[in-house]
1. Over the stretch 35-181, what percent of the accessible surface lies on carbon and sulfur atoms, probe 1.4 Å?
2. Can you work out D for the chain in µm² s⁻¹ from Stokes-Einstein, where Rh is the Kirkwood radius over C-alpha pairs, the temperature is 10 °C and the viscosity is 1.306 mPa s?
3. Per residue, how many Å² of accessible area does the stretch 115-181 show with a 1.4 Å probe?
4. Have a look at the stretch 81-130 and give its Rg and Dmax from the Cα atoms, expressed in angstrom.
5. Which whole-percent values make up P(r) of the stretch 89-181 when all C-alpha to C-alpha distances are grouped in 5 Å steps starting at zero?
Amino acid sequence: MRSFFFLGALLVCGLVGSQDTIQNQIQQVMARLEKIERENEERANRAQVAFSAALVESKNWTSIGPFDRCHTLEFKKVITNIGNAYNPETGIFTAPVKGLYYFRFTGIVGETGKLNAGLKKNGENIVAIYHKAGRQASASNGVALELEEGNQVYVQLFENELTIADQNRLSTFSGFLVFPL
């Protein structure tokens, strides 16, 4: 539809010149239109981003931690990973496009009865969860973040006497692109 509009505009504007010149100009306009359409399609395909993952694949009660220093959690049981921006081997989400993203994470207190974990963007603490009420208590948090292409978001269990547990997908990490910027 756009192609006809531009062709019409070229003709109405009264391109002056030989038939070969006009045909060459029309071909150049058509090539530009096709390039713009390809770029828009690629941008739209990259803008489809959503993931959800649980901490462990096992249905058995599993406790992780404590650690001497902050430990990036690898949410191994991938439920959804549209756009493949989440890596279950590292636990890191890498933004494929600049945009506004929403992230949510939930944790179940592990064996020590204490849980403190944070969502980080490129090493910076953004939001955290905390619970000190014994086992099988949970905490959850979520946040909207503006990310640049290549920014990394992940969940870390903080150091010292802290544990997180999972059974049957109780501890999760999820995110999705709200809209590209």
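The values are calculated or read from the model by the stated rules, or taken from the named source; none is laboratory data. Please read these numbers as outputs of a predicted model, since none were measured by experiment. Remember, those area values only see protein heavy atoms, side chains included, never the ligands or the DNA or RNA. Shrake-Rupley method; radii C 1.70, N 1.55, O 1.52, S 1.80 Å.
1. On the way: 3370 of 7730 Å².
So the carbon and sulfur contribution to the accessible surface is 44 percent.
2. 84 µm²/s
3. Working: 3320 Å² over 67 residues.
For the stretch 115-181, the per-residue accessible area is 50 Å².
4. 13.0, 39
5. 3, 14, 25, 22, 16, 11, 6, 3, 0
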